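To keep things clear, I will list the structure first and then write my remarks on it.
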Amino acid sequence: MIVVTGATGNVGRSLVRSLAAAGRQVSATSRGIVAADVPQGVRHHPADLTDPETLRPAFDGADALFLQNGGPSAHLLDPHAVLDVAKAAGITRVVLLSSQGAATRPESASHGGVARAIEDAVTRTVPDWTILRPGGFDSNAYAWADSVRTRRVVAAPFADIGLPLIDPSDVAEAGAVTLCEDGHAGRTYDLTGPALVTPRQAARAIGAALGEPVRFDELTRAEARARMLEFMPGPVVDTTLDILGAPTPAEQRVSPDVERLLGRGPRTFADWARDHVAAFR
């Protein structure tokens, strides 16, 4: 049986469905998960990664674990405690959903530093581990959904600086492959989309999916920072803006790993926009 943490998130929800469709036994867990969040026949257990004791029912009887690194709550996660519960349950294979920042910005406490510490805990204690390091997600564009719905406007900084954004469903498929197939132990995969996507291009793609123009308004860094501080801590905002405005060559590199794992190229941002256009109508 495979445990999927973060099972109601952009990656986890798709992964649970993929595994269930393939006939795998799945135990899905997240803080507020309910039966409606999972396909019929999938076990579900409300649990909190920052409270490892709540994970025991979800881990019972499992031999593999998809561990997301906690996202915004990563700094509250004790990976050793989570892995102790996994070991006690008999789990021997762990696929960790980490972050590109673990390699590109390990000095940043708000980004790569926490992710790297969780990676180190996994690689030092789990016999069969695989690490997935995605960059930015196409689904970050949901932050523009309200302004697109109401005013057909996208407002963002750094209009013409691109990053190789990835569709979360491609990350989920990579997770399914590394959980279910042998040959991935001890490997780290960098997961990106097929090309650099700028905010201006993303706005155009959303407009094309809608069949009507979406205006792009470029924000200054200061304007973007003020908006982001409404829902993100200052250090996270500053590092995020550094990545968006001055990405390193590694952060702009298009990786071949999605194609290596899936046998096909990654989906484009335009593909994602068409698949999720209802959020912007």
Quick calc, the chain, dipole around Cα centre from Cβ unit charges on Lys, Arg (+) and Asp, Glu (-), nearest 20 debye, gives 580 debye
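Going by the alpha-carbon gyration tensor, a ≥ b ≥ c the square roots of its eigenvalues, is segment 184-275 rounded (a/c under 1.5) or, if a/c is not under 1.5, prolate (a/b greater than b/c) versus oblate?
Numbers: a/c = 2.47, a/b = 1.24, b/c = 2.00.
Note, shape of segment 184-275 comes out oblate.
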Expected vector for segment 230-241, Karplus 3J(HN,Hα) from phi with 6.51, -1.76, 1.60 and θ = phi - 60°, integer Hz, x for Gly and Pro, equals 5, 9, 9, x, x, x, 5, 4, 5, 5, 4, 5
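Can you give the net charge of the other residues whose Cβ lies under 12 Å from the Cβ of Val277, counting K and R as +1 and D and E as -1? Intermediate values should be presented prior to the final figure.
On the way: positive: Arg149, Arg274, Arg281; negative: Glu212, Asp271, Asp275.
Net charge around Val277: 0.
Give the residue list of trypsin sites (Lys or Arg not before Pro) in segment 101-164 that are DSSP loop and have at most 16 other beta-carbon atoms within 10 angstrom.
Values: sites: Arg116, Arg124, Arg149, Arg151, Arg152; in loops: Arg152.
Filter output for segment 101-164: Arg152.
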Segment 256-281 scanned against label point 7 Å out from Thr150 along Cα→C-beta; backbone N under 15 Å for 280-281
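Compute the whole-percent fraction of alpha carbon pairs in segment 230-281 spaced more than 13 Å apart. Working shown, then result.
Details: 976 of 1326 pairs.
The proportion of pairs with Cα distances above 13 Å equals 74 percent.
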On the formula 1/(1 + (r/R0)^6), with r taken between the Cβ atoms of Glu53 and Ala278 and R0 of 35 Å, the FRET efficiency rounded to 0.05 is 0.35
When the chain is treated as a Gaussian network with springs between alpha carbons less than 10 Å apart, the largest mean-square fluctuation among Gly245, Gly113, Gly41 is found at Gly41
Per its Cα gyration tensor (rounded if a/c is under 1.5, else prolate when a/b beats b/c, else oblate), segment 135-178 is best filed as oblate
Tilt, helix 79-89 to longest principal axis of the chain (alpha-carbon atoms), in degrees rounded to tens, equals 40 degrees
Thr125 and Ala81 label points (each 7 Å along its Cα→Cβ direction) are spaced in nm at 1.1 nm
The ³J(HN,Hα) series, computed from each phi in segment 113-120 with the Karplus coefficients 6.51, -1.76 and 1.60 at θ = phi - 60°, rounded to the nearest Hz and given as x for glycine or proline, is x, 5, 4, 5, 5, 5, 4, 4
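Past the 17 angstrom mark, what percentage of all C-alpha to C-alpha distances in segment 26-140 do you count? Write out the running numbers ahead of the final one.
Working: 3657 of 6555 pairs.
Cα-Cα pairs in segment 26-140 separated by more than 17 Å: 56 percent.
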CD proxy, 222 nm, the chain: helix-only mean residue ellipticity via -39,500 (n - 2.57) per DSSP H run with n ≥ 4, per residue, nearest 500, stands at -11500 deg cm²/dmol
The set of residues whose placed amide H lies less than 5 Å from the amide H of Gly193, leaving out same-chain residues fewer than 5 positions away, is Leu165, Ile166
The Cα radius of gyration of segment 97-195, divided by 2.2 N^0.38 Å with N its residue count, comes to 1.28
Taking only C-alpha positions in segment 160-219, Rg and Dmax in angstrom work out to 16.2, 47
Normalised per residue, the volume inside the convex hull of the alpha-carbon atoms of segment 94-150 in Å³ amounts to 88 Å³
Which residues qualify? For Asp217, with a placed amide H closer than 5 Å and at least 5 residues away or on another chain, they are Val154, Ala155, Ala156
Amide H proximity to Ser27 below 5 Å, modelled H, separation 5+ or other chain, gives Ile2, Val3, Val4
Under the Karplus relation with 6.51, -1.76 and 1.60 and θ = phi - 60°, whole-Hz ³J(HN,Hα) for segment 30-37, x at Gly and Pro, equal 6, 4, x, 5, 10, 4, 5, 7
In units of 2.2 N^0.38 Å, the Cα radius of gyration of the chain is 1.00
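Values in this text are rule-based calculations from the coordinates and carry no lab data. Keep in mind the model is a prediction, meaning the values are calculated, not measured. All Cβ positions, even for glycine, are placed from backbone atoms using ideal geometry, and neighbour counts span all protein chains on display.
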